[in-house]
Each structure stands twice: as C-alpha cells, then as structure tokens.
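Worksheet: one structure, shown below.
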Amino acid sequence: MFAPREFASRVARARSAMVEAGVDLFLIDHAECLAWLTGYTVSETMYRAAFLPLTGEPWFVLRELDAQPCRNACWFSDIRGFADTAEPHAVMAEVIRARGHAASRIGADHNSYGFTAATRDRLQALLPEARFVDMPGAGDLLRQVKSEAEIALLAQAAGIADKAMAAIAARAQPGLSPRAAAAIAAASFLENGADTGETGPIVPGIGDHEFLHGVMTAQPLDDGDVLHVELIPKVANYGARLMRPVLIGSDRRGLAPLAERLVALQDRQFAAMRPGALAGEVDAVLREAVLAERLRPAYDNVSGYTLGLYARTPRPSDFSRVFLPNATWRLEEGMVFHMYVSAGGLGFSETIVVRAGGGERLTGTARGVLRAGGPQLS
C-alpha cells in the first residue's frame, strides 16, 4: 500500500521518540500504530504486538492463524506465530529474551488499549530484569502529521462519502426511514471501494444537538422532517467523515437561515486552521460566535477531532487532538481533522487537512441542507 520510503520515514520518527524516551525497544500493541508502523493490524482476540529495536528490523508476534496475512502485509519478514494453546505474553517474553532484550528498557504507550495493567504486570513478571517505560500517547502522536500518500487515501474515502450522501439525498422523500437511508449508504460504500459498509449515525435531526449520537430506527420520516446523516467510510483503514442534514420533502421549519449561518461560521473556522495556530483559538472562532448569536443555549462538545487510521479497537473516534476552549496544542501542516457544528437539529461536518493557507476540504458535498433534486456537490 505504501512505498518503502514511507515506512522508513515512520521508523525514523518512532526511533526519534525512542531516543527521547531513553528506551532500547519499542513495544507496539496500539492497533492503529501497528498498521502505521508495520503495514498490518488485527483485532486483539489474542494479545499481539510488534517490536522495534533502535537498530535492525522490527518483528511481529501474533497468533499463527493471523501470521500469513501479517507476512503478506508487512514490509519486514520477521513474523513469529504462536498456537492458540500458547500463552501470548509468555511467547512475547521468549522472543524478547531470544533477541537480547531481556534486560532492556522497553518503551510502550501506556495509554494503548492493548497495554493493560494485566499485560504490563505479566510481562514484568516474565522479564524481571527489564524496565518498562511509558511513552505517553506515542501510539497516537507519532501519527498526527499525515504524509501526502496518507492524505490521498483520506481524499479517496472522502469522495466515497460524497457519493453516498448524494445517493441518500436523491431519495429524500416522505416515507424514507433512517434504516433505509443507511442501506443506501452501505451499498454505495461497498460499490465505490470502501473497506466496509459501516455508515455512522443516520438518525432523525431533532432537538438541539443531542441527535448526533442517536439510535437508528426503521420509522418512516414525514414531510418536513430532517434526516441527520453522518458517513464514515474507510479506505485501507483511513477514515473520512461527512455530516449533512437531509430534508425530507418541504422545508416546513424554515431551516435555511440557520443552516447558512452555521456554514458561514464554520467556514471562518476552516480559514483559521493554519500551521502554528493554537487549537483553542481555532475552536473559539466557531464556538464563541455560535453562543454569541444564541444559535445554541450551551456548547460543551468538541468542534473537531483527529482523523486518520482506524482499526478494530474499542475507540470509534480519535480524540488524541481535539478542538476545545482549553486546547493548548498547535496545528501542523498535514494534520487532518473531522470538524463539525450542530444546532437546531442540523449538523454539518467536513474532513479537513491543514495547509499553509488554511483548512482544505477533502469532502466536496454542497454546504447546506440537502434535498431531493437539489445540487449535491460544491
């Protein structure tokens, strides 16, 4: 999927972090970081991990059933498979010992879902001379700035989201249910090259903003209702996101002025997304205006979060970098985010890459309320 020089750059970035942390070996069990550094990732049905030394090639230890797919995907060849009857941590310790790291300083991201307290304690018991060193957030932070090859995959996923959104909007007539809309999106995803048919929340747009994580139903929508559509297609595990309100039939609620204002304020926020900008100040461009204009009574949720690799972990969204009033990190060119705004039953979002001149949209759907027969691309 990626050229050798891409992985060489990633290894160099990881080794720089290792030197900074003062470790000899980097244990990687964070699902997304596994994919990023090795080219392969798999669910944690049984514990699996890759190991990167300061010099030499990395190695991967996982159940034998997954070893051949791992060999097919990885850029290196040292893959150790174990039988389902084995204890994974004992195999890990055996391989670490065999490669001369029984007494090493072993770095691991203690925020990783894989590196639980039980994993840490078991590995420490099996390797009593080793010292396990926390590399806080390394599994996420190493991946924050995307290469152009990664951005190309995100743009491909964004294009799939646009096509699926247009397919739903074309069917936006009374009688359409959220479940039927999800079926349209899922089919469009698979027809256009997405990894899976998982769609994201597709629910009635009701209330203020609480609909965002609503539950999909099969209840047909009536004339004047709003269908909130969030699409999350992935290509090679790289996920783009797009949210739009889809109007069913006629605009009985007079939604156009609110939609236009939300879009205008969000466009200002995108323009502020330049390298070096403080995340809290970028957030304020949108949040403070929404509150000052009383478009929402309160605004407690984030206005954006990191996009990139997604794997089969308990985390459906990446909050390693978020836009909030108290966010003190700075934007860098090549970072990619899901930026969203919602009020009055309407939700708008884009996949945005940080460029020198400001945020650039990777999603291309028209910025407004969508309806059957209306323009769907801008």
Going by accessible area, probe 1.4 Å, with all protein chains left in place, what is the ranking of TRP59, TRP75, TRP329, largest first?
TRP75, TRP329, TRP59
Based on the alpha-carbon gyration tensor of region 292-334 and its eigenvalue square roots a ≥ b ≥ c, which shape applies: rounded if a/c is under 1.5, prolate if not and a/b is larger than b/c, or oblate?
oblate
Carbon and sulfur atoms account, in whole percent of the 1.4 Å probe accessible area of region 115-259, for 56
Carbon plus sulfur, as percent of the 1.4 Å-probe accessible area of region 282-337, comes to 51
Per residue solvent-accessible surface (Å²) - the chain, probe of 1.4 Å
41
Using the Cβ atoms and a cut-off under 13 Å, what net charge is assigned to the surroundings of TRP75, where Lys and Arg are +1 and Asp and Glu are -1?
0
C-alpha long axis of helix 88-98 to longest principal axis of the chain, angle in °:
50
Counting Lys +1, Arg +1, Asp -1, Glu -1, what net charge surrounds THR199 among other residues with beta carbon under 12 Å of its beta carbon?
+1
Let a ≥ b ≥ c be the square roots of the eigenvalues of the Cα gyration tensor of region 54-191; is it rounded (a/c under 1.5), or, if not, prolate (a/b larger than b/c) or oblate?
prolate
Helix 117-126: angle to the longest alpha-carbon principal axis of the chain, degrees 0 to 90, nearest 10?
10
Cα axis of helix 4-21 to longest principal axis of the chain: angle in degrees, 0 to 90, nearest 10?
70
Placing +1 on the Cβ of each Lys and Arg and -1 on the Cβ of each Asp and Glu in the chain, which of VAL61, VAL133, PRO325 has its Cα farthest towards the positive end of the resulting dipole?
PRO325
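The values are calculated or read from the model by the stated rules, or taken from the named source; none is laboratory data. Note that the structure is predicted; figures quoted are calculated from it, not measured. Positions of Cβ are backbone-derived with ideal geometry, glycine not excepted, and every protein chain shown enters the neighbour counts. In case anyone asks, the SASA skips ligands and DNA or RNA and just uses the protein heavy atoms, side chains included. Shrake-Rupley method; radii C 1.70, N 1.55, O 1.52, S 1.80 Å.
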